[in-house]
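Here the structure is laid out as structure tokens; the discussion comes afterwards.
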Amino acid sequence: MSEELKIIVTEDGSHSIYNEELKESYHNSGGALRESIHICMLYGLDSWMMNNPNKKPLRIFEVGFGTGLNAWLTLIWAEQNQIPVLYHTVEPFPLTEDIYSKLNYGDMDDGIFHYKPYLQRLHKAEWDKGIIMSEYFNMKKEKTSLQDVLLYPADVVFYDAFAPSKQPEMWSKEILSKVCTELNSEGIFITYCATGQLRRDLKELGLEVEILPGPPGKKEMTRAWKR
């Protein structure tokens, strides 16, 4: 395991990764699994489906593959709702097998235990190539930065970069514009981040911004629609 990264246990019992160099964890300490379900599933995918009931496939872009938790939960959501998902994600610094093989998300809930093997399959999938992971979930992981990646139109964006205080370059208006330009009409930009500057930038980029309740341990989060 990299000396800079270590597995930690969050309050709901699920794992996250702590980056010693940045002094930052990959997930909210209030619960990694609860955070991803709250942000990406409840306020992301479920909300998109309610507003776009007849649009298929669903195209998702994720900034920061990280632990693979968001991608894994999306695969489960796609299979359970029988909605085809095309998932595009970038990660310049992928986790090594000695870390991702120990992540405990598949052991957290009997209802998703059936999908446990998919987590490692997501991590082991070849980079920079489109992969059919399941009947309803196709994925392309790219080992590159957001600055360098070529984007495709997306219906939902999971913006899961490290906090602005740790990686300010990932939250510049220029880089946000790159992502928002490719967001489809009635698409969602969703993130744990709740800074006033982010919300002002998203509004100036033409998005309709909402302040929503955050997951356990976090007061607020941000969702923006492209109307």
Taking the dipole about the Cα centre of segment 99-227, with the C-beta of Lys and Arg at +1 and of Asp and Glu at -1, give me whichever of His123, Ala194, Pro168 is farthest to the positive side. Pro168
For segment 114-227, what is the charge dipole size about the Cα centre, in debye to the nearest 20, if Lys and Arg each add +1 at the Cβ and Asp and Glu each add -1 at the Cβ? 340
Once you order the gyration tensor axes a ≥ b ≥ c over the Cα atoms, which shape class does segment 102-227 get: rounded for a/c under 1.5, otherwise prolate or oblate by comparing a/b with b/c? prolate
Mind telling me which of Asp160, Asp201, Asp148 comes out most flexible in a GNM of the chain, alpha-carbon contacts under 10 Å? Asp148
Using a simple charge model, +1 on the beta-carbon of Lys and Arg, -1 on the beta-carbon of Asp and Glu, nothing else, what dipole does the chain show about its Cα centre, in debye to the nearest 20? 540
Let me know the shape class of segment 104-151, please: from the alpha-carbon gyration tensor, a ≥ b ≥ c as square roots of the eigenvalues, rounded when a/c is under 1.5, otherwise prolate if a/b is greater than b/c, or oblate. prolate
Sorted by chain and then number, the residues having a modelled amide H within less than 5 Å of the amide H of Glu220, at least 5 places away or on another chain, are Gly214
With θ set to phi - 60°, apply the Karplus curve 6.51 cos²θ - 1.76 cosθ + 1.60 along segment 128-138 and write out the HN-Hα couplings as whole Hz, x wherever there is a Gly or Pro. 6, 8, x, 10, 8, 8, 7, 4, 10, 9, 10
Tell me which of Ile76, Leu33, Ile7 sits at the most positive position along the dipole axis of segment 1-77, charges placed on C-beta atoms (Lys, Arg +1; Asp, Glu -1). Ile76
Say the dipole of segment 30-226 comes from +1 at the beta carbon of Lys and Arg and -1 at that of Asp and Glu; which of Leu45, Met133, Gly206 then lies farthest toward its positive end? Gly206
Checking Gly30, Gly64, Gly44 against a Gaussian network model of the chain (alpha-carbon springs below 10 Å), the top fluctuating residue turns out to be Gly30
Counting pairs of alpha carbon atoms under 8 Å apart in space and at least six apart in sequence, what relative contact order in percent does the chain give? 20
Under a GNM of the chain (C-alpha, springs under 10 Å), which listed residue has the highest mean-square fluctuation: Leu122, Leu75, Leu151? Leu151
Please compute the length gained on full extension between Met50 and Tyr152, using 0.36 nm multiplied by the number of residues separating them and subtracting their Cα-Cα distance. 34.4 nm
For a quick check: with amide H placed at 1.01 Å from N, whose amide H comes under 5 Å from Thr144's, ignoring anything fewer than 5 positions away on the same chain? Glu91
Name the residues of segment 115-154 whose amide N is less than 15 Å from a point 7 angstrom out from the Cα of Asn81 along the C-beta direction? 136-138
Under 5 Å between amide hydrogens, which residues at least 5 positions from Phe137 or on another chain qualify, with H placed 1.01 Å from N in the peptide plane? Val85
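Bear in mind that the values in this text are calculations on the coordinates, not laboratory data. Source: prediction; values computed, not measured. Every residue, glycine among them, receives a Cβ derived from its backbone with ideal geometry; neighbour counts consider all protein chains shown.
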